[in-house]
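I have placed the structure first, in the form of structure tokens, so that the comments after it can refer back to it.
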């Protein structure tokens, strides 16, 4: 009685060893390091590591270790003071080719790295950094799409030689034709331009109202969010932050986590900047329909500009800041569509003026109405130049200050935001608080753990010691699973582990108390063990499933700190059930199983 | 070792004691609700939105001086308090218009630094009022959903009278824990919501373990009244209930004393909740089931599918 088959014992041992292995990377601690990522996002190869090492050795710094992690080169330093000079040097040397970020890297031995093991990552509250929650302005995303429709309907109707007036009012476009005879043709043209828009006939019999369908609006919003995430990711990479996180949250939010960043102001402007440019021809005749007067900035004269856009910021694939004749400028490269359009326009308009419009969107709270916002879009001409000759996808823009030129270049290079974003939640944790939180959290785990272990050993004697082994492996399993899942450990997460330690003994207590009951009902020691485990099983399962429900709800609905707590609680419940039901049973069976016993040390 | 003698036979559920327990529970819940209605909760910026700075000074901070310098810089509604240590100061401001939030925070930081001392900026949070109210909504939603799912689970595993008992006990624990934060005006933030949910999970754990034994005894002890069977069950589980409560309290006290100021509210919520949860799993849950006239017959499963009977030889 009370013997596990060999395979079950082996399985328990194998699981324990696997747990130890996966938890192992967490004991090494971390050191100052520099992380180098290719600007174009290509993974580095093993052969390229040596070049970076030689580069820092040139300035007298020898990395303690150099290797590739997830396609990025990591250089580790023994001395924290070497990190700054090394990253500065690399940044200068590889400007434009690589993004260099100062970071902390786990001090893993090569063999641990080689089998792909990683320690659990620490949350921002433990390592310090900036958390930003951005809200995407969906109205603007829709508005800009509607403007696009307005222009393309107008163009296509002109091509079809239909006399019309195309007006945009909010999110509906009204197309007016001269009479009912043109209505069907106009409807056809619009259908051919976009077959999904909703078209409603006007009451006057000579107009059409066009709006986006629900599905189109949804698709547009999804596009805006995804596009913004890509752009923000690019911007964050340009800033040189190691292990940034850019993630969608819900329908219209984006979370950004920047570990190690200390100054939120530096990055915030770049994150929420909407600055972009448009190129338009000057309306020299002064009377073309749709032409609009744009103000000039800083002494630049105002101009009447044509409605059609030659090229806009989202068609720019590369941009770099520089100087020409002492003036700051941004060198632009357009994508093929933008380039074609630019070629066609410049060919037909040599000698005519073209303006560069600088556009920025801001959200301003309406005075006296807290929580209500209006959008302020500033559109200013930064330069107007005469088209000297035909050009296509490469040219430059001027009329900016040096700071604006480099910011604009970064923003254009990283891509424009499809819709403006606003910061709704921002949290910064300094490095000293992070370290404090780590120290305090681990202290609490240590002391709490010790108290429980001593109590259990005194109260349940040998069985208490067995429960303590289970408790210890429980913590190892939680750490191992967090490491494998790549979930980050936060302060509430540590609290979750502490709580689990307290609660994990419950399953053991249920079993041991049951064994005691069986013994006092004069059962033999062997059958007391057997029925103790068996009868406690249903209580343990019911009790844990209900707690599991609470943990799952927390995980699903909760945000931020709640999620961090829920994940360790969830893992803790699962591991504690395993260790109590199977783990301690294996040990109990090994020690007591199949022997003649007079009493049990419980 | 044992903390209680081998076999206890305390009459937990005698009609008199049940009435006393009911009265105590009623007082707890009413006081909590009254306090929640009149005093409300000291919501953290997670829920209200606003600006928060935690700064560390080299020497013990002079709060009056900080308040004065902030007030003279125009921050009249700034709340300044010590945070855990006498060198740590927490400054809170109500929500600011979005555009000015950053500026206000920068100025606040400059004002604090102008005091002459070197300060270490430990934490900085700017939460908009809109996000705050959303977090509050989600917290409340989580609680309701958890209670609902638990009700369903217990109903499937036991029976609706037990479900009602369990949920009554949980609601009792949750209301009292939140009420405790209202009565003593302790800071109520997101981690406290997590703690209250953990309390629900824990208390339920206790309740279900007791129910499990009650179910077992309903079948094992034929001819015994429901009240008596429940009493026996609670006595049998008493050692386990107390020991698990004790070990959990041990780690929570470690967390409260060593874990630092920012998770203190979390620890307090759990400590309060676990004490009250232990009490409620003994009294509230079983007493509610008794009020609903629970009997062993309730747990005898009817044959669900009559067609099965026909197939029997």
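The values are calculated or read from the model by the stated rules, or taken from the named source; none is laboratory data. Fair warning: this is a prediction, and the values are worked out from it, not measured in the lab. Positions of Cβ are generated from backbone atoms using ideal geometry, with glycine treated the same way; all protein chains shown enter the neighbour counts.
The residue of region A:511-530 that is nearest to the other protein chains (Cβ to nearest Cβ), among those that are free of Cβ contacts under 8 Å to residues at least 60 places away in the same chain and under 18 Å from residue B:214 (Cα atoms), is A:513.
If the requirement is being at pLDDT below 85 and either in a helix (DSSP H, G or I) or out of contact with any helix residue (DSSP H, G or I) (no Cβ under 9 Å at 6 or more places or on another chain) (or both), which of these qualifies: A:417, A:343, A:412? I'd like the intermediate steps shown before the answer.
On the way: A:417 fails: either in a helix (DSSP H, G or I) or out of contact with any helix residue (DSSP H, G or I) (no Cβ under 9 Å at 6 or more places or on another chain) (or both); A:343 fails: at pLDDT below 85.
After ruling out the rest, the residue left standing is A:412.
Taking the conditions (1) closer than 30 Å to residue B:31 by Cβ; (2) in contact with a strand residue (DSSP E or B) (Cβ under 8 Å, 6 or more places away or on another chain) in turn, residue B:168 satisfies each one other than (2). How many residues are closer than 30 Å to residue A:498 by Cβ and either at pLDDT 90 or above or within 14 Å of chain A (Cβ to nearest Cβ) (or both) if we restrict to region B:270-308? Result for region B:270-308: 11. Would you call residue A:217 at pLDDT below 85, farther than 29 Å from residue A:384 by Cα and within 26 Å of the chain's Cα centre (by Cα)? Criteria not met by residue A:217. Among residues of region B:187-207 being more than 19 Å from residue B:246 (Cβ to Cβ) and at the interface with chain A (Cβ under 7 Å from one of its Cβ atoms), the one that is surrounded by the most Cβ atoms within 10 Å (Cβ to Cβ) is B:200. Would you say residue A:133 is in contact with a helix residue (DSSP H, G or I) (Cβ under 7 Å, 6 or more places away or on another chain) and under 26 Å from residue A:228 (Cα atoms)? Yes: the conditions hold for residue A:133.
The single condition from (1) in a strand (DSSP E or B); (2) at pLDDT 85 or above that residue A:363 fails is (2).
Residue check: residue A:389 meets all listed conditions (1) free of Cβ contacts under 8 Å to residues at least 60 places away in the same chain; (2) within 14 Å of chain B (Cβ to nearest Cβ) but one, namely (2). Counting only strands (runs of 3 or more DSSP E) that sit wholly inside region A:51-156, those with at least 1 residues that are closer than 30 Å to residue B:46 by Cα are A:98-106, A:129-136. Suppose we keep only residues that are over 30 Å from residue A:138 (Cβ atoms) and assigned by TED's automatic domain parsing to the domain that holds residue A:327 within region A:401-429. Which one would you say is surrounded by the most Cβ atoms within 10 Å (Cβ to Cβ)? If we take residues in region A:401-429 being over 30 Å from residue A:138 (Cβ atoms) and assigned by TED's automatic domain parsing to the domain that holds residue A:327, then A:405 is surrounded by the most Cβ atoms within 10 Å (Cβ to Cβ). Taking region A:244-288, which residues are in a loop (DSSP other than H, G, I, E, B), in contact (Cβ under 8 Å) with a residue 40 or more places away in the chain and under 30 Å from residue A:387 (Cα atoms)? Of everything in region A:244-288, those that are in a loop (DSSP other than H, G, I, E, B), in contact (Cβ under 8 Å) with a residue 40 or more places away in the chain and under 30 Å from residue A:387 (Cα atoms) turn out to be A:273, A:274, A:275, A:284. No other residue among B:90, B:82 is surrounded by fewer than 20 Cβ atoms within 10 Å (Cβ to Cβ), without any contact (Cβ under 8 Å) to a residue 24 or more places away in the chain and under 30 Å from the mean Cα position of the chain (by Cα) apart from B:82.
Screening A:458, A:447 for residues that are within 22 Å of residue B:271 (Cα to Cα), surrounded by fewer than 21 Cβ atoms within 10 Å (Cβ to Cβ) and either at pLDDT 85 or above or more than 9 Å from every other protein chain (Cβ to nearest Cβ) (or both) leaves exactly one candidate, A:447. Only one entry in A:177, A:130, A:166 is surrounded by 14 or more Cβ atoms within 10 Å (Cβ to Cβ), within 30 Å of residue A:241 (Cβ to Cβ), touching a strand residue (DSSP E or B) at 6+ places or on another chain (Cβ under 7 Å) and outside the structural domain of residue A:488 (by TED's automatic domain parsing), namely A:130.
Collect the residues in region B:237-269 that are farther than 30 Å from residue B:82 by Cβ and at the interface with chain A (Cβ under 7 Å from one of its Cβ atoms), keeping them in residue-number order.
Within region B:237-269, B:239, B:240, B:243, B:244, B:247 meet the criteria.
Scanning region A:420-444 for residues that are more than 8 Å from chain B (Cβ to nearest Cβ), within 18 Å of residue A:488 (Cβ to Cβ) and part of a strand (DSSP E or B) yields a count of 0. Listed by position, the helices (runs of 4 or more DSSP H) enclosed by region B:24-134 that each have at least 3 residues that are over 22 Å from residue B:178 (Cβ atoms) are B:63-72, B:98-114.
Against the test of being within 9 Å of chain A (Cβ to nearest Cβ), surrounded by fewer than 23 Cβ atoms within 10 Å (Cβ to Cβ) and either at pLDDT below 85 or over 23 Å from residue A:573 (Cα atoms) (or both), the options B:227, B:216 yield a single qualifying residue, B:216. Of the residues in region B:165-186, at least one is touching a residue at least 60 places away in the same chain (Cβ under 8 Å), surrounded by fewer than 22 Cβ atoms within 10 Å (Cβ to Cβ) and outside any helix (DSSP H, G or I).
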